[in-house]
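> Let me begin by handing over the structure; questions about it come next.
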Amino acid sequence: MPAASLLPLFGSAAGPGALGGPAGGGAGGGGRKAAGPGAFRLTEKFVLLLVFSAFITLCFGAIFFLPDSSKLLSGVFFHSAALQPPPPPPGGQPRAPPQPGGGPAAGAAAAAAAGGAGSLERIRADHERALREAKETLQKLPEEIRRDIRQDKEKLLQDARGRKEAGAPGLPQRLFRQPVGAVGQEPADPAVRQRRAKIKEMMKHAWDNYKRYAWGLNELKPISKQGHSSNLFGNIQGATIVDALDTLYIMEMKEEFKEAKEWVEKNLDFNVNAEISVFEVNIRFVGGLLSAYYLSGEEVFRKKAVELGEKLLPAFNTPTGIPWALLNIKSGIGRNWPWASGGSSILAEFGTLHLEFVHLSHLSGNPVFAEKVMNIRKVLNRLDKPEGLYPNYLNPSSGQWGQHHVSIGGLGDSFYEYLLKAWLMSDKTDEEGKKMYYDAVQAIETHLIRKSSGGLTYIAEWKGGLLEHKMGHLTCFAGGMFALGADGAPNDKTGHHIELGAEIARTCHESYDRTSMKLGPEAFRFDGGVEAIATRQNEKYYILRPEVIETYMYMWRLTHDPKYRQWGWEAVEALEKHCRVDGGYSGIRDVYNHHESHDDVQQSFFLSETLKYLYLLFSEDDLLPFEHWVFNTEAHPLPVLHEDDGNKEENQK
């Protein structure tokens, strides 16, 4: 930039003594003209440019590196934001505009007359202070500057935490009303009461050993007697604590619930630089915190649930709004599993957010959570479904299906579960969810459900139009799902759906009964002359899964057929005989072997799901009744949202 073009910043150069020239220097023949920059020699221009460049560098360094730079920017370059009147308080009269210099109000005209000198003086003072602080900063060593930056960041984080603890700005005040059925009556039958007490003792054994050997970590290794962590949770810790909160509550393990709540309050931290599974963190952590809040009314659970929900929102930043499977919750960068059909998102993962995110909107007053999951439905409803079925893979960039692989077990299962439960949780007002569910069930019946030569009903997998006659342990949840949805089935098919649920329950019981340990394998097949038996070594393990017991619980509640309690008790005896060890409960590597080979992991879902469903199986129907609660796919109970809930809440504020 020529020096001449910079001079107007300093005012006119034509006056006497401009730029240091002698007054009246133009009278003599050898003097410089005071009229303008054109008479400067090249050397003088260069020196002037260097001086001005140094000045500009110092000013901008002060502006962008000082902690108060935002105020300096507004004060120096925009004539001080303090001169602008603040917005009126909500619901009240506009505030009187503050006067320059902090003096008493004297009216707009007086302010305009007196403000010029005052504002210039204030700008000059701010400018001089900025220059002093910039000089001091430039004299510091780099290590000192980095230390100051770290201290400023820590102070900001502490201030933010303090504000949250003081009242969690952004969360509306909410008068807690415990939903119906959070606590139930003792079973009337002494034998049932005794069996339920045994299941509570199993929970205590699992919990006490987790507390003794792995407290604060994600899961327990009961043989090694140490902690176990899965990369599904990144650096977030405490999965077993959060997953078990509602089980502790409904079992009335009050001291254990209290210590779990205190750990959550003091130690549960989501400010980690790590990649997590959006699905797993949602169903276990968000679901567990929501459920603990609805049961106990402890505000810390609501705050933590909403905080974590907000950290999951960047997962939806894709061209279609279909979320990524994996998310770094610090950077907000997401990606999909590399093995998932060319970078696709997985149906059971992005389809298993609806219940929790609707409740996050309900508790936070922020509609964005519900909007995100409703957009998923819009994308799905625009797509053609092969034979009415939903493939397991969907590309979040193109919005097109990946491989045409359909499963009601792994990769697909809880998507269908959440369609039904979204309708039930809405107090049966979510007609879109209802239609999507019953249409999907019709396609499943037509194309996937088959009966073996021995009379066992099973759900096969569909791969590009060809059936694989395999059923996973995960698929066994569907018996309970069909029975739960029977009441709303179209064309008087209620009885048919109950019967379908009963047939699936029987098949899954057979998969348990046909093993040496009376515990079910990870998957079992109906081909090559075998029925309900695992034929491959990598399908013979049992990792304390809950799906079969889940179906028993639903079938008992909906039919009161005593065989479901008997089958559940058989599972209790098998767990005690083969999975219980001194340090807790462990999975089994081969359920067909006569000698246990333990996998040395006590899964968090054993406390959240398996033991909870067993406890409910031997409880009265008034504990978490289906007309008032739905369970997320991790067995965390969430209340039905009745249409008048919002109005009641507003009236009680």
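> Would you mind calculating the relative contact order of the range 249-369 from Cα pairs under 8 angstrom and at least 6 residues apart, reporting the percent as a whole number? Write down the numbers at each step before the final one.
Numbers: 141 pairs, mean separation 30.9, N = 121.
It rounds to 26 percent for the range 249-369.
> Now for a different question. Please compute the contact order of the range 494-558 in relative form: average sequence separation of alpha-carbon pairs under 8 Å and at least six residues apart, divided by the residue count, as a percent. Intermediate results must be reported in sequence, preceding the final value.
Values: 57 pairs, mean separation 17.4, N = 65.
Averaging sequence separation for qualifying contacts and normalising by length gives 27 percent for the range 494-558.
> Right, next: Provide the net charge surrounding His405, with neighbours chosen by a C-beta distance below 15 Å and charges set as Lys +1, Arg +1, Asp -1, Glu -1. Walk me through the numbers before you get to the answer.
On the way: positive: Lys385, Lys463, Lys470; negative: Glu349, Glu387, Asp413, Glu461, Glu468.
Neighbour charge sum, excluding His405 itself: -2.
> Mind ranking 386-399, 182-195 by how tightly packed they are, going by the mean number of other C-beta atoms within 10 angstrom, highest first?
Numbers: 386-399: 19.3, 182-195: 13.4.
Put in order of decreasing packing, that is 386-399, 182-195.
> For an R0 of 51 angstrom, estimate the FRET efficiency from the Cβ-Cβ distance between Leu175 and Ala54 and round to the nearest 0.05.
On the way: r = 62 Å, r/R0 = 1.22.
Calculated value: 0.25.
> Using the per-residue mean of other Cβ atoms lying within 10 Å as a proxy for protection, in what order, highest first, do the peptides 365-377, 307-319 fall?
Values: 365-377: 17.6, 307-319: 20.0.
Those peptides, ordered most packed to least, come out 307-319, 365-377.
> Starting from the amide H of Gln226, placed 1.01 Å from N in the peptide plane, find each other amide H under 5 Å away whose residue is 5 or more places distant or on another chain.
Counting only residues 5 or more places away or on other chains, the set is Lys221.
> Determine the alpha carbon to alpha carbon distance for each of Lys211/Lys254; Lys577/Lys612; Lys303/Lys428; Lys372/Lys435; Lys378/Lys493 and list only those over 23 Å.
Details: Lys211/Lys254 15 Å; Lys577/Lys612 19 Å; Lys303/Lys428 28 Å; Lys372/Lys435 20 Å; Lys378/Lys493 28 Å.
In this structure, Lys303/Lys428; Lys378/Lys493 exceed 23 Å between Cα atoms.
> How large a share of the accessible area of the range 466-544, in percent, is made up of carbon and sulfur atoms when the probe is 1.4 Å and the other protein chains stay in place? Walk me through the numbers before you get to the answer.
Details: 1410 of 2920 Å².
That share works out to 48 percent.
> Straight-line reach from Lys258: which aspartates and glutamates fall under 12 Å, measuring Cα to Cα and dropping same-chain residues less than 8 apart?
Output for Lys258: Asp246, Glu298.
> Under 19 Å Cα to Cα from Lys225, which aspartates and glutamates show up? Leave out anything in the same chain fewer than 8 places away.
Asp208, Glu576, Asp582, Glu596, Asp599, Asp600
> Once phi is turned into θ = phi - 60°, what whole-Hz ³J(HN,Hα) does the Karplus curve with 6.51, -1.76 and 1.60 give for every residue of the range 438-443, x standing for Gly and Pro?
Result, rounded to whole Hz: 5, 5, 5, 4, 4, 5.
> State which entries of Lys204/Lys421; Lys204/Lys518; Lys311/Lys385; Lys451/Lys518; Lys385/Lys434 exceed 21 angstrom in Cα-Cα distance in the structure shown.
Numbers: Lys204/Lys421 30 Å; Lys204/Lys518 23 Å; Lys311/Lys385 32 Å; Lys451/Lys518 23 Å; Lys385/Lys434 17 Å.
Over 21 Å Cα-Cα: Lys204/Lys421; Lys204/Lys518; Lys311/Lys385; Lys451/Lys518.
The values are calculated or read from the model by the stated rules, or taken from the named source; none is laboratory data. Being a predicted model, the structure only gives us computed values, none of them experimental. Cβ atoms come from the backbone with ideal geometry, glycine included; neighbour counts cover every protein chain shown. Just the protein is used for accessible areas: all its heavy atoms, side chains included, with ligands, DNA and RNA removed. Shrake-Rupley method; radii C 1.70, N 1.55, O 1.52, S 1.80 Å.
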